[in-house]
Amino acid sequence: MIELQDISVAFTGKGHAIRAVRNVSLRIGQGEIYGIVGTSGAGKSTLLRTINLLERPDSGRVVLDGRDITNLRGAALRRERQRIGMVFQHFNLLHTSTVYDNVAFTLEIAGKSRQEISERVPELLNLVGLADKAGAYPAQLSGGQKQRVGIARAIANHPEVLLCDEPTSALDLETSASILELLQEVNARLGITIVLISHEMSVIKKICTRVAVMDAGEVIEEGDVYDIFATPQQPFTRQLVDHTFNLDLPQRLTQELSGTLLKILFLGDRAETPVLSDVTLRFGVSVNILHGKIEYINNRAIGLLVALLGNGPDVPQSLTGSARIASAVEFIRSNTARVEVLHA
């Protein structure tokens, strides 16, 4: 559906070139919700804008459905852009126009008749949950409602692709979740391919199927969202994932611990099996779970636990205290995806 082939973009600032995007190649399939994640300045917004040529690459090619659109201009480019909707971080609504007119404006630009507009706008407002706000002005809307207008406007002309530039970063958590659910509905009901950028891995894991991780203008890791969360390969990606799971313990607690402190990763069905209960029964160790969670990404489980192992009262006669702790750690390691010893 979308192919970015060796894309590079540079800007000139203070007398020298700044390479915002460096030799990026991506393939995004029809009907996917594809995420691009990175910190501020990583180049993700610039890369997104090359897809509809709001930002022209200095080198490389943009290919949509097998058509190279990189050098299109004028009427030919405008026709292609009608197939690509865009949702912005700060809504970009016409403040002196009603909700109805904001959505209708996009259709008017595309040359739709008055009858087509009068039929299409109510249909869109109903889809985004704003059927009762047609006569309201942007100043009368909440942030989430404004973004819903932005989504209605972006899909008004039946685009095949929807580009979302940090669509939830200006919203609170509850409103962000509702906007992401709406984007999922748009993808499922209309079959629109969505490319979404964010600096938050929590947004990516909520709705995306695949993700590219950007740092300093380069894609450093790319793949299935579950795999990126389960087994990140690059240090920067691991940092983003760890921040999302937020399993940090207070320093006071780690200094006072007595025992073996483990960080344990469970994947798939193993996240739902009683591995730690088995350890207690088999090796007579105590298990104190200090922190943890199980999350489901694309309906597949990822569990992370921080657990303290100590000597329990029921000691197998054949094992010393240190030996049974070591045996318990090895048992956990063999029955989970990854074990990291934080303190021993």
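Per the Kirkwood formula applied to alpha carbons, the chain shows a radius of gyration over Rh ratio, Rg over Rh, of 1.10. Near the amide H of Ile297, within less than 5 Å, lie the amide hydrogens of Ile302, all on another chain or at least 5 residues away, with H placed in the peptide plane.
Applied to the range 288-293, the Karplus parametrisation 6.51 cos²θ - 1.76 cosθ + 1.60 on θ = phi - 60° returns per-residue 3J(HN,Hα) values of 10, 7, 9, 6, x, 6 Hz, with x for Gly and Pro.
Charges only on Cβ, +1 for Lys and Arg, -1 for Asp and Glu: so what's the dipole of the range 1-77 about the Cα centre, in debye to the nearest 20?
Its charge dipole is roughly 280 debye.
What is the distance in Å between the Cα centres of the range 28-82 and the range 179-208? The two parts, judged by their Cα centres, are 18 Å apart. With θ taken as phi - 60° and the Karplus curve 6.51 cos²θ - 1.76 cosθ + 1.60 applied, the whole-hertz 3J(HN,Hα) list for the range 212-223 is 10, 9, 10, 8, 6, x, 10, 8, 9, 7, 8, x Hz, x standing for glycine and proline.
Among beta bridges from DSSP that stay inside the chain, the antiparallel ones total about 70%. Rounded to the nearest Hz, the phi-derived 3J(HN,Hα) couplings of the range 57-71 under the Karplus curve 6.51 cos²θ - 1.76 cosθ + 1.60 (θ = phi - 60°) are x, 6, 8, x, 10, 10, 10, 10, 6, x, 9, 7, 9, 3, 9, where x marks glycine and proline.
For the chain, averaging the sequence separation of C-alpha pairs within contact (under 8 Å, six or more residues apart) and dividing by the residue count gives a relative contact order of 17 percent.
Pairs exceeding 25 Å between alpha-carbon atoms, taken from Lys44/Lys206; Lys44/Lys133; Lys206/Lys293; Lys133/Lys206; Lys133/Lys205: Lys44/Lys133; Lys133/Lys206; Lys133/Lys205.
Gain on full extension, evaluated as 0.36 nm per residue between Ser97 and Arg282 minus their Cα-Cα distance, stands at 59.6 nm.
Solvent-free Debye calculation, one equal scatterer per alpha-carbon of the range 200-261: log10 I(q)/I(0) at 0.19, 0.21 Å⁻¹ equals -0.72, -0.81. A simple packing score, the average count of other Cβ atoms within 10 Å per residue, orders the peptides 136-144, 224-232, 162-170 as 162-170, 224-232, 136-144, with the highest score first. Counting only Cβ charges, +1 for Lys and Arg and -1 for Asp and Glu, the dipole size of the chain around its Cα centre is about 620 debye. Projecting the Cα atoms of Leu342, Leu64, Ala212 onto the charge dipole of the chain, computed from C-beta unit charges around the Cα centre, puts Leu64 farthest toward the positive end.
Between the residues Leu190, Leu173, Ile228, the greatest Cα displacement towards the positive end of the dipole of the chain, with unit charges on the Cβ of Lys, Arg, Asp and Glu, is found for Leu190.
When +1 charges are put on Lys and Arg Cβ atoms and -1 charges on Asp and Glu Cβ atoms, the dipole computed for the range 29-135 relative to its Cα centre reaches about 340 debye. Amide hydrogen proximity for Ser59: with H placed 1.01 Å from N in the peptide plane, the residues at 5 or more positions away or on another chain lying under 5 Å are Ser8. Between the exposed loop cleavage positions of the chain, defined as trypsin sites (Lys or Arg not before Pro) in a non-H, G, I, E, B DSSP state with at most 12 neighbouring beta-carbon atoms within 10 angstrom, the longest gap is 74-344. With Rh defined as the Kirkwood radius, the inverse of the mean 1/r over Cα pairs, the Rg/Rh of the range 86-232 is 1.01. Here's how it looks for Ala20: its modeled amide H is under 5 Å from those of Val9, Ala10, Phe11, which are all 5 or more places away or on a different chain. Model label sites at Ala170 and Leu249, defined 7 Å from Cα along the beta-carbon direction, differ in position by 4.3 nm.
Where a number appears in this text, it was derived from the coordinates with a stated rule and is not lab data. As the structure is a prediction and not an experimental result, all values here were calculated from the model. Here the Cβ is made from the backbone with ideal geometry for all residues, glycine too, and neighbour counts use every protein chain on show.
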